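Below: the structure, in structure tokens.
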Amino acid sequence: TPQTMETSDRFDALFTYLPLPGAEKPLASGARIHVSHGTREVVGRLLLMDGRESLSPRETRYAQVRLEESLALSRGDRFVARSFSPAHVIGGGLVLNARPRRRTNLKESDRALLDAQKSNDDAEICRAIVNARPTPTEKNLLARTADVDVSLVDSLVMGPAPEKNCPYRRLTTKSHTYYTTNAALRTHIMTFDNLLLRFHASEPESVGISKGALHARYPLTMDQDCFDALIAEASNQGKIVFFEGLASHPKAASGAKALEEKTASDLLELLCSYEAAPPPLDELFKQADLDASRGNRAISLLEKKGKAQRITKTLCFSQDALDVLWSGAESLLSK
């Protein structure tokens, strides 16, 4: 079906070396070979895993084949390898991962994935991919990487009927679904905890930090939607609280919030003193010894409480003064 496959210039494989009769010499890692796959043949290099320098006759090992031209590959495809020159069949194998990272030294998570791909266990393949990633794995990306139908991903990762002790978690946003392990999620929550504590220690007068600034401080790279999924989960667990759109630590922001409340109260008192003729906001903030950021947050808090109302970007009335003005206008118009 068109548009259902992606080409790749490399693949991980289970490769078996079959030398020509009478030529029982090892096959060196990095050897150039002809790869016959489907109806095409392209040149590539065979790189053995884990620092292996060569492959003995009739030996089978994991390898990464890097191609000079891309092929439309899928997990489970078979291929034949021929020597570069002269061209003779020297073995072949099974495509395990059609879109791997460029690496030959295997971590434990890499080997677990290759073992699952070797056994052709879709559930173990999906879980191995999730296990290997420090950040949540997006559903469509997981399906492409595992070479499975996207409609099957949820049951493959979570199980047909997820139990309370399932080691995996599903995170959702408006547009995407992500999967991660419980252990990785705990690490993310702890990272948020530490970042917010350090923020409050360095800026004790600030109620919180914007999501964008928190994202910029996060030690792992991920897209905004994935970060939002983690933020939402941390908030659901009560590990992050939001105040006026800012993220804060549930235990460390109380002093700053009390200060914010006092700032708003003092600003309201100053605003009320002008009754129906308040000065522009920048002048009001100057009189209250507030910068624009703190002043605007105080005005927003007063508006939220129904004690003030911004008429334009630069002019705000206390609600009491505004009520007097409205009452006078209605009285005048009713005559």
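At a 1.4 Å probe radius, carbon and sulfur cover how many percent of the accessible area of the chain?
On the way: 9320 of 18170 Å².
Its accessible area is 51 percent carbon and sulfur atoms.
With axes computed from alpha carbons, what is the tilt in degrees of helix 224-236 against the longest principal axis of the chain, rounded to the nearest 10 within 0 to 90?
Here the helix axis deviates by roughly 60 degrees.
Towards the positive end of the charge dipole of the chain, with charges on Cβ (+1 Lys, Arg; -1 Asp, Glu), say which of P250, V80, H200 has the farthest Cα.
Selected residue: V80.
How about segment 120-200: which chymotrypsin sites (Phe, Trp or Tyr not before Pro) there lie in a loop by DSSP and see at most 10 other Cβ atoms within 10 Å?
none
What does a probe at N120 reach in segment 71-85, counting residues whose amide N is under 15 Å from the point 7 Å along Cα→Cβ?
Counting backbone N atoms under 15 Å from the label point, the list is 74-79.
Per residue of segment 113-127, what does 6.51 cos²θ - 1.76 cosθ + 1.60 with θ = phi - 60° give for ³J(HN,Hα)? Whole Hz please, x for Gly and Pro, Karplus curve as stated.
Whole-Hz 3J(HN,Hα) from phi for segment 113-127: 5, 5, 5, 5, 5, 5, 7, 6, 9, 4, 5, 5, 5, 4, 5.
Can you pull out the trypsin sites (Lys or Arg not before Pro) in segment 50-144 that DSSP calls coil and that have at most 11 other Cβ atoms within 10 Å?
On the way: sites: R52, R58, R61, R66, R75, R78, R82, R101, R102, R103, K107, R111, K118, R127, K139, R144; in loops: R52, R58, R75, R101, R102, R103, K107.
Loop-located and lightly packed - R58, R101, R102, K107.
Using a Förster distance of 22 angstrom, determine the FRET efficiency expected from the C-beta separation of E69 and L141, and round it to 0.05. Kindly include the intermediate steps, with their values, before the conclusion.
Details: r = 25 Å, r/R0 = 1.12.
For E69 and L141, the calculated efficiency is 0.35.
So what is the 222 nm mean residue ellipticity for the chain from helices alone, if each DSSP H run of at least 4 adds -39500 (n - 2.57) and you divide by all residues, rounding to the nearest 500 deg cm²/dmol? All intermediate terms of the calculation are to be shown ahead of the outcome.
Numbers: 11 runs with 134 residues, N = 335.
Only helices count here, giving -12500 deg cm²/dmol.
Assigning unit charges at the beta carbon (Lys, Arg +1; Asp, Glu -1) and nothing else, what dipole magnitude in debye, to the nearest 20, does segment 111-214 show about its Cα centre? Please report the intermediate quantities before stating the final value.
Values: 13 positive and 12 negative charges, 25 e Å.
Here the size comes out at about 120 debye.
Give me the percent relative contact order of the chain, please, defined on Cα pairs under 8 angstrom at least 6 residues apart.
Contact order relative to length: 10 percent.
Calculate the length of the line joining the C-alpha centroid of segment 311-335 to that of segment 228-288, in whole Å.
Distance between centres, Cα-based: 25 Å.
Taking a ≥ b ≥ c as the square roots of the Cα gyration tensor eigenvalues, with a/c under 1.5 meaning rounded and otherwise prolate when a/b beats b/c, else oblate, which class fits segment 1-134?
Numbers: a/c = 2.01, a/b = 1.36, b/c = 1.48.
Because a/c hits 1.5 or more and a/b fails to exceed b/c, segment 1-134 counts as oblate.
What percent do you get for the relative contact order of segment 1-157 when only Cα pairs under 8 Å and 6+ apart count? Present the calculation step by step, with values, prior to reporting the outcome.
Numbers: 315 pairs, mean separation 37.8, N = 157.
Over segment 1-157, the number comes to 24 percent.
Report the charge-dipole magnitude of segment 59-163 in Debye, nearest 20, computed about the Cα centre from +1 at each Lys and Arg Cβ and -1 at each Asp and Glu Cβ.
Details: 16 positive and 15 negative charges, 100 e Å.
With only Lys, Arg, Asp and Glu charged at Cβ, the dipole is about 480 debye.
Please name which of L301, A128, M158 has its Cα lying farthest along the dipole of the chain towards the positive end, using unit charges on Cβ (Lys, Arg +1; Asp, Glu -1) and the Cα centre as origin.
A128
Residues in segment 56-93 near a label at R111, defined as backbone nitrogen under 17 Å from the 7 Å Cα→Cβ point?
What the label zone holds, given the 17 Å backbone N cut-off, is 60-64.
What shape does the chain have by the C-alpha gyration tensor, where a ≥ b ≥ c are the square roots of the eigenvalues, rounded means a/c under 1.5, and otherwise prolate means a/b greater than b/c and oblate the rest? All intermediate terms of the calculation are to be shown ahead of the outcome.
On the way: a/c = 3.52, a/b = 3.33, b/c = 1.06.
Note, shape of the chain comes out prolate.
The values are calculated or read from the model by the stated rules, or taken from the named source; none is laboratory data. All figures in this text were calculated on a predicted structure; none of them were measured in a lab. Positions of Cβ are generated from backbone atoms using ideal geometry, with glycine treated the same way; all protein chains shown enter the neighbour counts. Surface areas here come from the heavy atoms of the whole protein model, side chains and all, with no ligands, DNA or RNA. Shrake-Rupley method; radii C 1.70, N 1.55, O 1.52, S 1.80 Å.
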